């Protein structure tokens, strides 16, 4: 089963403080996770760390994390860090 969620806020230090518990719960479940990040316009190192944390925990259990709607600064940063093929595999539209 895939758990689908939409992230409405930027993935920065402040947001990660509030959604850390959610990421821990998602990591503890035995489900794939699909995150719609189309509303995210900014991501910082805390956001990247949260995504990598979630990816690693899910991957260790044979589950997947996939981002959709990745565009703008978040897309550029994850491209630069070479994380896009891992977190947002497959053809994706380039926006902004």
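The values are calculated or read from the model by the stated rules, or taken from the named source; none is laboratory data. Note that the structure is predicted; figures quoted are calculated from it, not measured. Cβ placement follows ideal geometry from the backbone for every residue including glycine, while neighbour counts extend to all protein chains displayed.
Some points to look at:
- Pairs are defined by a Cβ separation below 6 Å, a sequence spacing of at least 6 or placement on different chains, a first member in region 61-79 that is surrounded by 15 or more Cβ atoms within 10 Å (Cβ to Cβ), and a second member that is part of a helix (DSSP H, G or I); the pairs so defined are 65/54; 65/55; 65/58; 67/87; 78/84.
- Applying the criterion of being at pLDDT below 90 and exposed (fewer than 13 other Cβ atoms within 10 Å of the Cβ) to the residues of region 80-96, the residue that is farthest from residue 63 (Cα to Cα) is 96.
- Residue 27 meets the conditions (1) out of contact with any strand residue (DSSP E or B) (no Cβ under 9 Å at 6 or more places or on another chain); (2) outside any loop (DSSP other than H, G, I, E, B); (3) surrounded by 18 or more Cβ atoms within 10 Å (Cβ to Cβ) in every case but one. The failed one is (1).
- Count of residues meeting criterion [in a loop (DSSP other than H, G, I, E, B) and within 13 Å of residue 33 (Cα to Cα)] in region 46-80: 4
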